Amino acid sequence: MASVATPACRDLLMLGIETSCDDTAAAVVRGDGEILSQAIASQSDLLVKWGGVAPKMAEEAHALAIHKVVQKALDDANVSESDLSAVAVTVGPGLSLCLRGGHNLLVLAQNLGEYVQLGTTIDDAIGEAYDKSARWLGLDIRKGGGPALEELALEGDPKSINFTVPMRQHKDCNFSYAGLKTQVRLAIESRNMCTDDIPISSATEEDRQLRANIAASFQRVAVLHLEDRCQRAVEWALKMEPSIKNFVVSGGVASNQYVRARLNHIAEKNGLQLVSPPPSLCTDNGVMIAWTGIEHFVAGRFEDPPPADEPDDMQDKTRTSVWFRVFNGAAASQAAIKEKIMGEPDRPRAVYLVDYACFRTSNECRVPKASFFENARLSPFLRDSTVDFIARVLERSSLGDETCLPHAHHYEGQDCCLDEARAEAELVVFSSIDDLLAKTTFISLDAIDVLITNCSLFCPVPCIADRIVNRYKLRRDIRIVNLSGMGCSAGVTAVGLARNILQILP
């Protein structure tokens, strides 16, 4: 896929702003690829405090830092806002093989904006596994858990601990690191290592060697899983596009030299050239955003600046006057996501996804899958064929032994009664709504026009939507759509349905 930007575009100036994870970054780049400036505000102190990326904390840190970072990028490039051709901002994870802390993605890039997704993260990403393992091993993660673990792994024996490679039985290109994380945690706990109280800098020689062995064994298996999925993805991609020449690897984990070496082996084995940014541009930076913006801008894929008299979005406090609104939202930080549909005057009105909330149950609801199946086969409500079907679904879902289930499914003779189902639904739904309302106090309950609910297979009378209206004293003329029997897909359906309804409401 050839670049659309050329030296003839030298006069084009792009400001790129990166807010997708834990660092706030900005850069000014010319149309011919010359990097005029870079500025980054690190959140390393937050990483240490929270043991990784804390989305809400990261969002607040972005809001505090973004003005200074953007201004520094402009000052260092010796340009002003009026000199810029456009501004590109983060909207989601990257291209080809993207190895980031929160997401892995395998993509066949056929052209600018034309991508075929071959594989994705189904639970935890490799960067998350590196960060958490580094924290559990008592490493200094101020400069990132990945680099700290990679450095320690050089001292260890990568075959000293027999960790299981994830998903070897699954013949797809998806990634799963939740189970490997659990293996690391159990390895630490089984050896009675006091990593919380004793950092690596204070460890004895024997203790340090043990930690290094765990780090090395983890890294070997983590990258083996990466190799498995990449090899399969390359084979699929070459069948679809035999002319492929390059294997592009990007994202923070791509700066890991062990990862690069192993993936270069995959590339060479398949006659491809491994292409990856220098390590300094693998982690959060504004250059990658600016260059992507240049590619789209030259191709005519951009939006004009908003009218001068258009009021600011009440949530978009960090937008500067020169943004052409490719839109900004700390998407990968998973908070305050705003999706705006832009178009000509005859198209539907703009719709925003302002905020969301998810329910996280307590650890006491965790149950091993083996226990669940043992109890399920004793249930008078489930046939053996039904349990066998559930087993096949769970096998393909990669749910681990830390998966949470309602208390009714924890014991012999599962109590699948209406009261238990109602209590579970109310706990999940009401808790999520309470969290959402706490985050969106600027929205009056009287202003809510539409309520869409889904409780999968649970369809009580009165319906869940009615119970929500009564509990939160919503307007009696509110429009209600009660989805059911649709499983997890109803979540995506509900968001799309809400958007469509809002676009046609008077």
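Some notes on this structure:
Each row is one residue, and each column tells you yes or no for (1) among the aliphatic types (A, V, I, L, M); (2) farther than 28 Å from P279 by Cβ.
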residue: K159; (1), (2): no, no
residue: N192; (1), (2): no, yes
residue: R211; (1), (2): no, no
residue: F218; (1), (2): no, no
residue: H225; (1), (2): no, no
residue: R232; (1), (2): no, no
residue: A237; (1), (2): yes, no
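- Qualifying residue in region 391-402 (condition: in contact with a His (Cβ under 7 Å, 6 or more places away or on another chain), within 22 Å of I122 (Cα to Cα) and either crowded, with 16+ Cβ neighbours inside 10 Å or at pLDDT 75 or above (or both)): no
- Conditions (1) crowded, with 18+ Cβ neighbours inside 10 Å; (2) at pLDDT 60 or above: number failed by G33: (1)
- Restricted to helices (runs of 4 or more DSSP H) entirely inside region 118-215, those with at least 1 residues that are of a type in the set (D, E) and crowded, with 19+ Cβ neighbours inside 10 Å are 126-136, 145-153.
- Filtered by the rule that a residue be under 22 Å from W136 (Cβ atoms) and over 18 Å from the mean Cα position of the chain (by Cα), region 168-179 gives no residues.
- Of all residues in region 225-262, those being surrounded by fewer than 16 Cβ atoms within 10 Å (Cβ to Cβ) and hydrophobic (A, V, I, L, M, F, W, C) number 3.
- When region 197-213 is filtered for residues that are of a type outside the set (K, R) and at pLDDT 90 or above, the ones remaining, listed by number, are T204, E205, E206, D207, Q209, L210, A212, N213.
- Matching residues, region 274-330, being in a loop (DSSP other than H, G, I, E, B), hydrophobic (A, V, I, L, M, F, W, C) and modelled with pLDDT of 75 or more: C282, A299, F302
- Within region 460-478, being β-branched (V, I, T), open to solvent by less than 60 Å² (accessible area, probe 1.4 Å) and in a loop (DSSP other than H, G, I, E, B) holds for one residue alone: I478.
The values are calculated or read from the model by the stated rules, or taken from the named source; none is laboratory data. Computed from a prediction, not measured in an experiment: that's the story for all the values here. Every residue, glycine as well, gets a Cβ built from its backbone with ideal geometry; the counts of neighbours run over all protein chains shown. We work out accessible area using only protein heavy atoms, side chains counted, and drop any ligands, DNA or RNA first. Shrake-Rupley method; radii C 1.70, N 1.55, O 1.52, S 1.80 Å.
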